[in-house]
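Heads up: the structure comes next, in structure tokens.
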Amino acid sequence: MLGALMLGGALGETSLTASDFYRTAHSHVFDAIEALRSAGEPVDAVSVAATLQTRGTLADVGGRVTLLDLADAAPVSSHAHKYAEIVRDKSRLRGVIQATTAAEAAAYEGHDADEVIAGHTAAMLTLSRTGSRPCIRASAAVARRLEDYARPSSAARLPGTGTRLHFGDVCVIGGRSGVGKTALALQAVDVWRDTRRVLFMSFEMSIAELADRLIARATGRGVEIAHAGLTDHERDGYRRESARLLEDERLELVEAAGMSEAQTIASIRAFAAAGGRIAVLDYIQIAYEVRTNENADLARFMRSIQQVAKQSGVLILALSQFSRAPEDGQPRLHHLRGSGALEQEAATVGLMWAPEPDDAEKRKQELRRRGYMLDVRDPRPLIRLDWRKVRHGRTAMDYFLLDGAAMRLEPISKAP
């Protein structure tokens with residue numbers, strides 16, 4: 001179908017969106033095609049490749065060769081609308097499977113029968129072919145918006161970025177050790193807890209280690225020297241900050257090492273039931289139980305937390321590791337450990353990475369030329385956050401300078 005569109009085919013009256021595609025790569029290609037069509041630009045493999053290159057997603061779809069292969073695979077361009085109907089039908093069938101699986105899980109968990117039946121019926125109605133399909137889609141969209149309006153806010157902006165993370169979704173941020181994933185999460189927690197209740201579940205650090213990092217952020221002192229060389233006045237301030245952090249009713253720190261998968265899910269549910277809004281899992285690869293196959297078990301756990309997020313309206317931010325180092329230094333979705341499960345279930349996926357020192361200096365100079373407010377002599381490591389999947393917006397890039405000792409990431413912004 002994508003190949004047929006690049007050869008001049010049209011969708012006709014078939015309603016299709018990027019979310020109807022199973023593979024994220026195909027969603028990127030379709031988004032690029034739609035952008036070109038909306039702008040009145042010609043659509044072909046060359047123009048689509050240029051659009052994807054501008055968005056930074058050309059490599060994710062497999063490069064120009066993949067686009068040419070898609071075009072070559074299209075039997076007849078005039079049948080694009082028929083191929084689109086097949087894609088749409090497959091998407092709806094996946095929706096049936098997901099809705100039925102969710103209803104089955106809710107039934108086994110002992111949820112109210114009327115709520116389970118009503119939720120499943122509403123999901124089936126949205127997917128149904130009966131009646132006026134545009135009206136059904138509009139009704140579903142209105143219902144979703146009403147759910148958003150019923151909440152205090154439908155999204156929370158991740159501090160230092162332009163990306164908004166939506167309540168009821170799971171967001172994954174991946175990166176190698178030392179690039180500042182936890183620092184970014186704690187930085188967000190500092191901002192979010194001013195207006196929302198936040199749960200931070202650490203499957204690796206103790207409560208004391210978490211507190212040290214939060215205090216290091218608040219005081220600007222490195223984690224290693226937070227307790228050392230303090231005057232009496234500084235020590236009193238340190239104690240006050242410690243007490244403020246640990247007694248803050250809007251922040252709940254949980255030492256989750258050794259927790260079972262069921263206990264983790266139950267903790268998030270209980271937190272949501274008590275009015276909690278945002279849960280952070282650090283990090284997801286040690287938050288679930290490996291029973292038979294690591295990838296299959298991660299997929300199961302991701303479905304579980306995605307279901308909790310959707311049912312409770314909680315935003316879940318999960319930190320992730322890479323399975324291996326990127327060959328060219330720049331990570332892509334397949335570098336995530338368990339990338340298939342994470343990409344499939346998460347609404348938003350960001351990848352954090354630090355260019356090599358020599359490359360970082362060149363990148364700093366390039367950012368400066370592009371109008372970013374940055375001192376190229378600043379010795380702090382340059383960190384880039386690539387938003388590779390954004391269900392409710394556009395892919396983008398954000399830049400930071402990392403002070404690892406003080407657990408701080410300073411955003412680099414463009415001059416006004």
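Exactly one of these conditions fails for Arg213: (1) surrounded by fewer than 23 Cβ atoms within 10 Å (Cβ to Cβ); (2) touching a strand residue (DSSP E or B) at 6+ places or on another chain (Cβ under 8 Å); (3) not in a loop (DSSP other than H, G, I, E, B). Give me its number.
Failing condition for Arg213: (2).
In the range 386-408, which residues are at pLDDT below 90, in contact with a Gly (Cβ under 8 Å, 6 or more places away or on another chain) and not hydrophobic (A, V, I, L, M, F, W, C)?
Across the range 386-408, the qualifying residues are Thr395, Gly404.
Could you say which residue among Ala325, Ala309, Ala296, Ala318 is over 30 Å from Arg197 (Cβ atoms) and not in a loop (DSSP other than H, G, I, E, B)?
Working: Ala325 fails: not in a loop (DSSP other than H, G, I, E, B); Ala309 fails: over 30 Å from Arg197 (Cβ atoms); Ala318 fails: over 30 Å from Arg197 (Cβ atoms).
None of the other options fit; the residue is Ala296.
Residue-by-condition table, conditions (1) assigned by TED's automatic domain parsing to the domain that holds Leu333; (2) within 21 Å of the chain's Cα centre (by Cα); (3) in contact (Cβ under 8 Å) with a residue 40 or more places away in the chain; (4) within 19 Å of Ala10 (Cα to Cα):
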residue: Ser47; (1), (2), (3), (4): no, no, no, yes
residue: Leu52; (1), (2), (3), (4): no, yes, no, no
residue: Ala59; (1), (2), (3), (4): no, yes, yes, no
residue: Leu70; (1), (2), (3), (4): no, no, yes, yes
residue: Val76; (1), (2), (3), (4): no, no, yes, yes
residue: Glu115; (1), (2), (3), (4): no, no, no, no
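Regarding Lys310, is this residue under 20 Å from the mean Cα position of the chain (by Cα), at pLDDT 90 or above and surrounded by fewer than 19 Cβ atoms within 10 Å (Cβ to Cβ)?
On the way: under 20 Å from the mean Cα position of the chain (by Cα): yes; at pLDDT 90 or above: yes; surrounded by fewer than 19 Cβ atoms within 10 Å (Cβ to Cβ): yes.
So Lys310 fits the description; yes.
Within the range 279-323, can you find the residues that are touching a Leu at 6+ places or on another chain (Cβ under 8 Å) and either outside the structural domain of Trp192 (by TED's automatic domain parsing) or acidic (Asp, Glu) (or both)?
If the condition is that a residue be touching a Leu at 6+ places or on another chain (Cβ under 8 Å) and either outside the structural domain of Trp192 (by TED's automatic domain parsing) or acidic (Asp, Glu) (or both), then Asp282 is the only one that fits.
With the checklist (1) at pLDDT 70 or above; (2) in contact with a helix residue (DSSP H, G or I) (Cβ under 7 Å, 6 or more places away or on another chain); (3) in a helix (DSSP H, G or I) in hand, flag the one item Val189 doesn't pass.
(2)
Suppose we filter the range 255-293 for residues that are part of a helix (DSSP H, G or I), of a type outside the set (Gly, Ala, Ser), more than 18 Å from Val189 (Cα to Cα) and in contact (Cβ under 8 Å) with a residue 12 or more places away in the chain; how many remain?
In the first step, residues of the range 255-293 are kept if they are part of a helix (DSSP H, G or I); the result is 261-273, 284-286.
Filter again for of a type outside the set (Gly, Ala, Ser), leaving 261, 263-265, 268-269, 271, 284-286.
Add one more test, that the residue is more than 18 Å from Val189 (Cα to Cα), and what stays is 261, 263-265, 269, 285-286.
When the remaining residues are screened for being in contact (Cβ under 8 Å) with a residue 12 or more places away in the chain, the result is 261, 264-265, 269, 285-286.
Adding up the residues that qualify gives 6.
A quick yes/no check of all residues on (1) modelled with pLDDT under 85; (2) in contact with a Cys (Cβ under 6 Å, 6 or more places away or on another chain); (3) surrounded by 13 or more Cβ atoms within 10 Å (Cβ to Cβ); (4) part of a helix (DSSP H, G or I):
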site: Thr14; (1), (2), (3), (4): yes, no, yes, no
site: His28; (1), (2), (3), (4): no, no, yes, yes
site: Pro75; (1), (2), (3), (4): yes, no, no, no
site: Ala107; (1), (2), (3), (4): yes, no, yes, yes
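For a quick check of your reading of the model, give me the residue pairs whose first member lies in the range 170-185 and is surrounded by fewer than 24 Cβ atoms within 10 Å (Cβ to Cβ), whose second is assigned to a loop (DSSP other than H, G, I, E, B) and of a type in the set (S, T, N, Q), with beta-carbon atoms closer than 8 Å and at least 6 apart or on different chains.
Listed pairs, sorted by first residue: Arg176/Gln321; Ser177/Gln321.
Could you tell me whether the range 244-254 includes any residue that is loosely packed, with under 12 Cβ neighbours inside 10 Å, of a type in the set (Asp, Glu), modelled with pLDDT of 75 or more and not in a helix (DSSP H, G or I)?
Keep residues of the range 244-254 that are loosely packed, with under 12 Cβ neighbours inside 10 Å, which gives 247, 249.
Within this subset, residues satisfying the condition of being of a type in the set (Asp, Glu) are 247, 249.
Among the residues that remain, those that are also modelled with pLDDT of 75 or more are: 249.
Imposing the further condition that a residue be not in a helix (DSSP H, G or I) reduces the set to 249.
For the range 244-254, residues loosely packed, with under 12 Cβ neighbours inside 10 Å, of a type in the set (Asp, Glu), modelled with pLDDT of 75 or more and not in a helix (DSSP H, G or I): present.
Does the range 36-46 hold any residues that are surrounded by 16 or more Cβ atoms within 10 Å (Cβ to Cβ) and outside any loop (DSSP other than H, G, I, E, B), and which are they?
Of the range 36-46, the ones surrounded by 16 or more Cβ atoms within 10 Å (Cβ to Cβ) are 36, 43-45.
Answer for the range 36-46, where residues must be surrounded by 16 or more Cβ atoms within 10 Å (Cβ to Cβ) and outside any loop (DSSP other than H, G, I, E, B): Leu36, Ala45.
Which residues, counting only those in the range 367-389, are surrounded by 12 or more Cβ atoms within 10 Å (Cβ to Cβ) and over 30 Å from Arg23 (Cβ atoms)? Walk me through it before giving the result.
To start, the set of residues in the range 367-389 that are surrounded by 12 or more Cβ atoms within 10 Å (Cβ to Cβ) comprises 367-368, 372-374, 376, 378, 380-389.
Result: Leu367, Arg368, Tyr372, Met373, Leu374, Val376, Asp378, Arg380, Pro381, Leu382.
So which residues in the range 47-73 are part of a helix (DSSP H, G or I) and polar (S, T, N, Q)? Walk me through how you get there before you give the answer.
Start the filter on the range 47-73 by keeping residues that are part of a helix (DSSP H, G or I), which leaves 47-55, 63-73.
Answer for the range 47-73, where residues must be part of a helix (DSSP H, G or I) and polar (S, T, N, Q): Ser47, Thr51, Gln53, Thr54, Thr66.
Among the residues of the range 382-401, how many are in contact with a helix residue (DSSP H, G or I) (Cβ under 7 Å, 6 or more places away or on another chain) and of a type outside the set (D, E, K, R)?
3
When you check Ala99 against the structure, is it modelled with pLDDT of 80 or more and assigned to a helix (DSSP H, G or I), yes or no?
Working: modelled with pLDDT of 80 or more: yes; assigned to a helix (DSSP H, G or I): yes.
Answer is yes for this residue.
The values are calculated or read from the model by the stated rules, or taken from the named source; none is laboratory data. Every value quoted in this text rests on a predicted model; they were computed, and no experiment measured them. All Cβ positions, glycine included, derive from the backbone under ideal geometry; neighbour counts span all protein chains shown.
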